[in-house]
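Novice: Below is a structure I'd like to ask you about.
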Amino acid sequence: MTETVAMGRDGAGDLFVRDLWYVIALSRSLKPGAMRREMLLGEPVLLGRGRDGKAFAMRDICPHRGVPLSAGKMLANGAVQCPYHGWEFRKDGVCSAIPSLVEGQDMDCTKISVRSYPVREDAGLIWVYVAARPGAAPRNEPPVIDVPVKKIRWHETQLFRCSIDHAVIGLMDPAHAAYVHDHWWWKRKARVKEKHYAPLPTGFVMTAHKPSKPAYSLLGDVTTEITFELPSTRFETLKGRLLGHGFKIVGLTVCTPRDAENTDIIQVFWFPWWLSFILPLFWLLGPTFIGDDRKIVELQREGLKFNPNLMLIQDGDQPAIWYHRVKKAWAESTEKGTEFVNPVRERVLRWKS
Ligand code: FES
Ligand SMILES: [Fe+2]
């Protein structure tokens, strides 16, 4: 059975899903007292960190005359001051001062505000919640990073010049490895793979199994589990025992849509210090693998600019089909305010790669 699924570009629903948490930046990139502009879902966001260490986010457009607030100053009182006429905004986006007003011109400046975004910070990541209705309380919390030491041990970010949809399905695509990651030191003869999948609250999981790549044997006897949840959080959790010590390696890959055509792929890993001997592998494999994926989506642009119809086929493209279905169901639930029902059913997928 061949299924054809229309993708964002040709108008099959919105490209961006809201009421979800997005990784906007790594904690280490934002020092106390700093602020800057970050694009997120096509909107300019001022991302800042107060001198108290707390990160905050607000719309990076002054409501007076549109100047980016991130180009202004963070004042000693913690407010952000616009560089044009000096209006001040608290971290919750409420205007706290309009310097041009003189006595007798009583205007309640707190009636003016810019959109502010809920922010969470954990395990080295800054998450921003993009509500479908600005101001609405978050429907959920960002994923829990379940590691004993919440220090990022390795990270790599690359900008993909494509929509979030192509970035996501490019990364989850099980059939591309032999062609896109065609390195002699990584290659293996194609074999039939059979993997068990089950639904998760807003996505699905390839349940724990023994990884087939020989590189993993460096870690002794391991199992790996790969999850995917909206908007684009993919966890790979490796568990094993080495020299009598149990260990866990957690990798997170997210696709952060900056705008419709630019998506940051952010990959981070947490693992115990005593596993540091695996770091050279990350230096070698990490940038290479993400770079392979980036180059193929750049090549894909050459076809996509003619707005062709695209296909997703069984079983190799099933994760991509699920991604579109989950995303659509989530978008409907945000729009109608109804409960989200995950369309994914437990299944074994078979493909050759
Ligand atoms: S444009 Fe920001 S204060 Fe006037
Ligand atoms: Fe890949």
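Novice: What pairs can you find where one residue is in the range 285-303 and on the phi < 0 side of the Ramachandran plot and in the same structural domain as residue 164 (by TED's automatic domain parsing), the other is away from ligand 1 (no atom under 16 Å from the Cβ) and of a type in the set (Asp, Glu), and their Cβ atoms are less than 7 Å apart, with a gap of 6+ or different chains?
Specialist: Qualifying pairs under 7 Å: 286/156; 287/156; 290/156.
Residue-by-condition table, conditions (1) modelled with pLDDT under 95; (2) exposed (fewer than 12 other Cβ atoms within 10 Å of the Cβ); (3) among the aliphatic types (A, V, I, L, M); (4) closer than 30 Å to residue 14 by Cα:
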residue	(1), (2), (3), (4)
122	no, no, no, yes
156	no, no, no, yes
160	no, no, no, yes
164	no, no, yes, yes
211	yes, no, no, no
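Novice: Then there is this: So which residues in the range 179-194 are away from ligand 2 (no atom under 16 Å from the Cβ) and either under 26 Å from the mean Cα position of the chain (by Cα) or at pLDDT 90 or above (or both)?
Specialist: Matches in the range 179-194: 192, 194.
Novice: Is it the case that some residue within the range 15-22 is away from ligand 1 (no atom under 12 Å from the Cβ) and at pLDDT below 95? Give the derivation first.
Specialist: Taking the range 15-22 as the starting set, the residues that turn out to be away from ligand 1 (no atom under 12 Å from the Cβ) are 15-22.
With at pLDDT below 95 added as a condition, the list becomes 15.
The answer is yes, given that some residue of the range 15-22 is away from ligand 1 (no atom under 12 Å from the Cβ) and at pLDDT below 95.
Novice: Report whether or not residue 218 is within 16 Å of ligand 2 (Cβ to nearest atom) and part of a helix (DSSP H, G or I).
Specialist: Working: within 16 Å of ligand 2 (Cβ to nearest atom): no; part of a helix (DSSP H, G or I): yes.
The answer is no for residue 218.
Novice: If you don't mind, there's one more thing I want to ask. Does the range 133-151 contain any residue that is over 19 Å from residue 352 (Cα atoms) and part of a strand (DSSP E or B)? First the steps, then the outcome.
Specialist: First, pick out the residues of the range 133-151 that are over 19 Å from residue 352 (Cα atoms): 133-151.
Subsequent filtering for residues that are part of a strand (DSSP E or B) retains none.
Looking through the range 133-151, none of the residues is over 19 Å from residue 352 (Cα atoms) and part of a strand (DSSP E or B).
Novice: Another question, then. Which condition number does residue 197 fail, the rest of (1) within 23 Å of residue 19 (Cβ to Cβ); (2) buried (at least 16 other Cβ atoms within 10 Å of the Cβ) being met?
Specialist: (1)
Novice: Give me the pairs, please: first residue somewhere in the range 62-77 and closer than 15 Å to residue 95 by Cβ, second residue anywhere and within 8 Å of ligand 1 (Cβ to nearest atom) and assigned to a helix (DSSP H, G or I), beta-carbon distance under 7 Å, and either six or more positions apart or on two chains.
Specialist: Correct list of pairs: 62/69.
Novice: What residue, of 261, 298, 236, is away from ligand 2 (no atom under 16 Å from the Cβ) and of a type in the set (Asp, Glu)? Give the steps one after another, and end with the answer.
Specialist: Values: 298 fails: away from ligand 2 (no atom under 16 Å from the Cβ); 236 fails: away from ligand 2 (no atom under 16 Å from the Cβ).
Of 261, 298, 236, the one residue that is away from ligand 2 (no atom under 16 Å from the Cβ) and of a type in the set (Asp, Glu) is 261.
The values are calculated or read from the model by the stated rules, or taken from the named source; none is laboratory data. Everything quoted here is computed from the prediction, not taken from an experiment. Using ideal geometry, Cβ is built from the backbone for each residue, glycine included, and neighbour counts are taken over all protein chains shown.
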